[in-house]
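Data block below; observations after.
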């Protein structure tokens with residue numbers, strides 16, 4: 001009798017889950033993973049600690065597993081390089097028109113300020129080994145430093161004797177510099193130009209603003225997570 005009651009209850013839980021899965025919107029369904037399993041639904045109904053515990057466990061796993069770190073740094077590096085490329089494309093467009101040439105110079109100065117501060121990070125990190133510093137300077141000037149930093153972090157490179165801090169700290173430092181000097185002010189400037197001069201609205205300029213906003217959001221979230 002007891003087994004039949006438990007079976008009936010679990011059947012009711014399953015029916016509830018099926019009913020909710022049909023009428024719950026996709027964002028709610030993603031936010032409440034308990035709908036994926038009657039057992040999870042049971043625990044989340046009667047054990048209030050269960051869902052917060054799962055969130056903590058998931059975050060700890062994402063911190064510890066290698067693919068979580070690789071995913072974050074790879075996506076961040078890709079967005080950084082794409083952000084620089086789109087900004088350069090927009091600068092070329094601004095320079096082609098007399099009324100927007102000043103905005104082009106402003107955006108260019110933001111990129112140069114970002115590179116100067118990144119060069120300062122490179123100097124502090126590699127000042128005891130000039131050849132390594134020369135290679136890192138070249139990475140900064142070509143805009144590929146996020147990619148090389150990402151590779152070092154993903155491969156788990158250890159600190160060398162001449163290093164001041166590890167690869168992860170260097171990656172966070174360069175991302176912070178890029179976000180403060182280039183991504184945030186660049187996005188605000190381009191958005192201001194789009195609102196002030198409607199004739200400058202193109203797919204490239206809108207895409208550049210979106211990429212800058214994505215880079216800023218992802219970088220700030222990644223740094224707070226780390």
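Considering each of 188, 138 in turn, give the residue that is under 21 Å from residue 216 (Cα atoms) and either surrounded by fewer than 16 Cβ atoms within 10 Å (Cβ to Cβ) or over 19 Å from the mean Cα position of the chain (by Cα) (or both).
188
Residue-wise test of (1) at pLDDT below 90; (2) outside the structural domain of residue 99 (by TED's automatic domain parsing); (3) crowded, with 20+ Cβ neighbours inside 10 Å.
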site: 119; (1), (2), (3): no, no, no
site: 129; (1), (2), (3): yes, no, no
site: 145; (1), (2), (3): yes, no, yes
site: 168; (1), (2), (3): yes, no, no
site: 199; (1), (2), (3): yes, no, no
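The values are calculated or read from the model by the stated rules, or taken from the named source; none is laboratory data. Note that this is a predicted model, so its numbers are computed, not measured. Note that we place each Cβ from the backbone using ideal geometry, even for glycine, and neighbour counts take in every protein chain shown.
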